[in-house]
Each structure stands twice: as C-alpha cells, then as structure tokens.
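First comes the structure, then the notes that go with it.
The values are calculated or read from the model by the stated rules, or taken from the named source; none is laboratory data. Just so it is clear, the model here is predicted, and its values are computed rather than measured. Because the Cβ atoms are built from the backbone with ideal geometry, glycine has one as well, and the counts that use them run over all protein chains shown.
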Amino acid sequence: MKLLTNISTLYRVPVDGKHDDVDAVSDAAVAWEGDTIRYAGPLAELPSEYADAQRFDAGGGCVVPGLIDCHTHLCFGGWRGDEFAARLEGASYQDIQAAGGGINSTVRATRNADIESLEEKAASALSDMAALGVTTVEAKSGYGLDRDNELKQLEVYRRLQSSQPLEIVPTFLGAHLVPTEYRDRRADYLALLCEEVIPEVAQRGLARFCDAFIEENAFTLEEGRRILETAKSHGLGLKIHADQLSSGGGAGLAAELGAVSAEHLEYAAEEDIRAMADAGTVAVSLPIASLYLREPFLPARKWIDHGARVAVATDFNPGSAPSYHLHLAMTLAAVHQRMSPAEVLRGVTSHAARAIGLQSTHGSLTPGFRADLAVIDAPDINHWLYHFRPNACRMTLKSGDWLER
Ligand code: NIG
Ligand code: FE
C-alpha cells in the first residue's frame, strides 16, 4: 500500500455528470495498492488501515488524474519545418498537400524509416510527455498508406507498449489520404483498405479504433462511411477526423455510426453538433492544430451548451501540430475555446478517457480505477493553466509506479 499526502487540492474528477464538476478536495490524500486506487479524499477521513502505508509527499501541489492525450499521430518519419516556413509566407496547408507535400511528404519519410528508428523517435516523445503528467496516449497510423507500412507503424505501437511505461491506444488511420500511387485508381485503395488491411489489423488485434480523414482532398463522406462500416463490422471502434477545414458532414456521420469520438470539428454544422451530443460521441478539440494552421478554434461553448462532451488533445504530428505539449493545448483551450479550467481538466481526463473507450478505468481518481496521477506545482488548476511553463508537473504516477525523469 502507498500513500500520497501534503496535497493542496485533489481533483478527483467524476466519470460523468456536469462538465465543470471536478470534485475538488482540499488537504487530501491518495492511497493505492499495486496499479489500483484504493482511496482518494480528505486526509482527515483516511481509513486507519492506510496509516502505515509507504508515504510520498506532494509538496503542497495539486493532484489530478494522469493526463490522457486522446489524439496523436505519434509515429512518423522526418519533420516538415520547411512547410511551416512556406505557410508563414502565405502557402496554404491544402496547396502544399496538392503539390505533393504535407501528409504525402511524411508518408515518404515514414516508408523510408526502419522500425527501430521510428520506435526510438516515438519513445523520446513519450518520455517528454510522461514528464508533463501524461499517462495514456492514443496513437494513429496513417503515414504508411500501404499494408506493410501501416502495419509497421502499428507494430511500433505494439513494441512501445512493452518497452516504456505509458499506455498506448492504437488507432488505424489507413484512410488518412489516398497515396499518390493510387491517385488515378481510388477504388483500388478503398478495396485494399476494406478487403485486406482492415480485416488483418482487426484480426491481429493491432488497433482498437479505426479513424478516417473526411475532408476535401482526403476522403468523401461516402468513402468514409464505407471504410468505417467495414471497420465496425470487424469489431473496431470508430473515430473520425471531421469538419477540420470545411463543413463536410463528418460529425453527423460520427453520430450516426456510433463513433466513440470525432475530432477537430471547427466547421461542424449546428445539427451535427446536436446529433453528436445526443449520440454521446465525444468532441475532441485540437487547439494546437488551429494555432499552427491559423484556423478557427472550436467554439466549445456552443458544444457544451448542446450537452456535448469536449475533450482536449495535442494532435501531435509533423504538419498541423508539431508539439506534444498537452499543457499548451490546455491553455489554448481555455483562452481561445473559452473553456473554464475545470472543463479543460475534464477534457484531458474523464472526457479524454471516454474518447478512447477507457472511461470505466481511466481519467478519474475513483477507488478501483488505475493508479495514474500527476502532481502539479500549483495550488489549483486556475494557477496551473494560467502560469504556462516548460513543465509544471512535478511527479507522474503510472499504474502505481513513479516515473523516473
Ligand atoms: O490531424 N487532418 C489530418 N491529419 C493531421 C495532420 C497530418 C499532417 O499534416 O501530417 C491532423 O491535423
Ligand atoms: Fe489528427
């Protein structure tokens, strides 16, 4: 049994309920055994059986559930700093892609990279993320765009699951873009995905979710529907990159198909917002992508007023969001998406857990849940989000163990 005390404010975070309820307790303690939370509440009410537990000191900081980055493109070859500079000069993200750059350029670099170097690069990002208080990371393929290279990315995630401490939730994103060699035969690429790769990924248990990028120059709504229905029939959960750069109906499709989440959503239509809220599909906001692409931020108030759950994630990738700093995404969500610090905290814990299907074990400091938490060097979450620093996280506990840093 282990015990953490000297906590100024403990945010237990309910699994569900009101979006701004974080269930804060002052002068608190958390006890865990193995990888499971046993007690989280006022120190004064700590059951006597925990009094002799091995003690750790939170140094008067606040404690939150381990943070969940529920949308990343973690494994990729190369970087695209040249495109960043071109966009600063006025080129658009879509123009760069149409000219063979963008996602295509990362596909070339990822195909050329060997599995060891991809694993090493992703592991280095994960170790920085862990130091920021992140304990679970959703990670997509989508830079291979052929059978072998998509499986190579998913294999990197499988290896990382045992070679480093953070939990990885893998998502198959073969429908990120039609690769250039299939440009004049899209139907063949769709057939490859639906008849070969999705069945194999599902059968080998290489991904928990299937995602599709529904956008002009990526996949149409009807293509997305076919891919996602196929994935669903093979037992994969569904996610959609929807309405990021234009309004294309992806959010409505996510609701209709019972997707666990839809992402980006800056251009989602009002009726699709309502449909997602009614279906319980989590809206994953990605403010770092809005920042880098100078696109609008998600109008989170509108979503929350409709009763939708809004999560916050980094979208870490070499193009639209070249940062895995979840604290940056959180501060942007507060300032530009007009979310309260409590709503932002829900967005990276309980709502983020729901966006990857882990809401009954992760994202909340509830007895019986996974012993994942972060000790933050701030008296409360207002101070944490307001005082943006290289790293405000003091200590990270993952599955009951303190992570080295
Ligand atoms: O989530 N929107 C599509 N995919 C990524 C960007 C990928 C890239 O630019 O490499 C995103 O923003
Ligand atoms: Fe993305």
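Conditions (1) small (Gly, Ala, Ser); (2) over 24 Å from ARG294 (Cβ atoms); (3) within 11 Å of ligand 1 (Cβ to nearest atom); (4) surrounded by fewer than 23 Cβ atoms within 10 Å (Cβ to Cβ), marked per residue:
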| residue | (1), (2), (3), (4) |
| --- | --- |
| HIS71 | no, no, yes, no |
| PHE84 | no, no, yes, yes |
| GLY90 | yes, no, no, yes |
| GLN94 | no, no, yes, yes |
| SER117 | yes, yes, no, yes |
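Give LEU385, LEU397 a once-over and let me know the one that is touching a helix residue (DSSP H, G or I) at 6+ places or on another chain (Cβ under 7 Å) and not assigned by TED's automatic domain parsing to the domain that holds GLY102. Give the steps one after another, and end with the answer.
Working: LEU397 fails: touching a helix residue (DSSP H, G or I) at 6+ places or on another chain (Cβ under 7 Å).
The conditions single out LEU385.
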Scanning the stretch 233-257 for residues that are over 26 Å from GLY319 (Cα atoms) and surrounded by fewer than 17 Cβ atoms within 10 Å (Cβ to Cβ), the one nearest to ligand 1 (Cβ to nearest atom) turns out to be GLU256
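Pick from LEU298, LEU291, LEU236: which is more than 22 Å from ARG346 (Cβ to Cβ) and of a type in the set (A, V, I, L, M)?
Answer to the selection: LEU236.
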Scanning the stretch 5-20 for residues that are at pLDDT 95 or above and part of a loop (DSSP other than H, G, I, E, B), the one surrounded by the most Cβ atoms within 10 Å (Cβ to Cβ) turns out to be VAL13
Conditions (1) over 17 Å from PHE316 (Cα atoms); (2) within 16 Å of ligand 2 (Cβ to nearest atom); (3) without any contact (Cβ under 8 Å) to a residue 40 or more places away in the chain -> LEU190 fails only (2)
The helices (runs of 4 or more DSSP H) lying entirely within the stretch 49-166 that contain at least 3 residues which are modelled with pLDDT of 95 or more and of a type in the set (A, V, I, L, M, F, W, C) are 81-88, 103-112, 115-131, 147-163
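Conditions (1) crowded, with 19+ Cβ neighbours inside 10 Å; (2) modelled with pLDDT under 95; (3) within 16 Å of ligand 1 (Cβ to nearest atom), marked per residue:
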site: ALA269; (1), (2), (3): no, no, no
site: ALA275; (1), (2), (3): yes, no, no
site: ALA289; (1), (2), (3): yes, no, yes
site: ALA308; (1), (2), (3): yes, no, no
site: SER323; (1), (2), (3): no, no, yes
site: LEU332; (1), (2), (3): yes, no, yes
site: HIS336; (1), (2), (3): no, no, no
site: ALA342; (1), (2), (3): yes, no, no
site: ARG346; (1), (2), (3): yes, no, no
When the stretch 39-73 is checked residue by residue, the ones that are within 16 Å of ligand 2 (Cβ to nearest atom) and either more than 21 Å from THR361 (Cβ to Cβ) or not β-branched (Val, Ile, Thr) (or both) are ASP69, CYS70, HIS71, HIS73
Just checking, does the stretch 202-216 include any residue being within 20 Å of LYS152 (Cβ to Cβ) and in a helix (DSSP H, G or I)?
yes
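With the requirement that a residue be under 29 Å from the mean Cα position of the chain (by Cα) and either on the phi > 0 side of the Ramachandran plot or not polar (S, T, N, Q) (or both), what does the stretch 174-185 give you? Spell out the reasoning first.
So the first thing to find is which residues in the stretch 174-185 are under 29 Å from the mean Cα position of the chain (by Cα), and the list is 174-180.
Hits for the stretch 174-185 are GLY174, ALA175, HIS176, LEU177, VAL178, PRO179.
To keep it simple, each residue is scored yes or no on (1) touching a residue at least 40 places away in the same chain (Cβ under 8 Å); (2) out of contact with any Asp or Glu (no Cβ under 6 Å at 6 or more places or on another chain); (3) of a type in the set (S, T, N, Q).
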residue	(1), (2), (3)
GLY41	no, yes, no
PRO65	yes, yes, no
CYS70	yes, no, no
LEU74	yes, yes, no
ALA86	no, yes, no
Every listed condition ((1) of a type in the set (A, V, I, L, M, F, W, C); (2) away from ligand 2 (no atom under 16 Å from the Cβ); (3) within 18 Å of ILE381 (Cβ to Cβ); (4) over 14 Å from the mean Cα position of the chain (by Cα)) holds for LEU332 save (2)
Meets criteria (more than 16 Å from ligand 2 (Cβ to nearest atom), surrounded by 22 or more Cβ atoms within 10 Å (Cβ to Cβ) and over 27 Å from GLU270 (Cβ atoms)) for VAL169 = no
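When you look at ARG301, is it basic (Lys, Arg) and on the phi > 0 side of the Ramachandran plot, yes or no?
Working: basic (Lys, Arg): yes; on the phi > 0 side of the Ramachandran plot: no.
Criteria not met by ARG301.
Please give the helices (runs of 4 or more DSSP H) falling wholly within the stretch 284-374 in which 2 or more residues are touching a residue at least 12 places away in the same chain (Cβ under 8 Å) and in contact with a Leu (Cβ under 7 Å, 6 or more places away or on another chain). Walk me through it before giving the result.
On the way: elements: 287-293, 300-305, 326-336, 341-348, 350-355.
Counting at least 2 such residues, we get 287-293, 326-336, 341-348.
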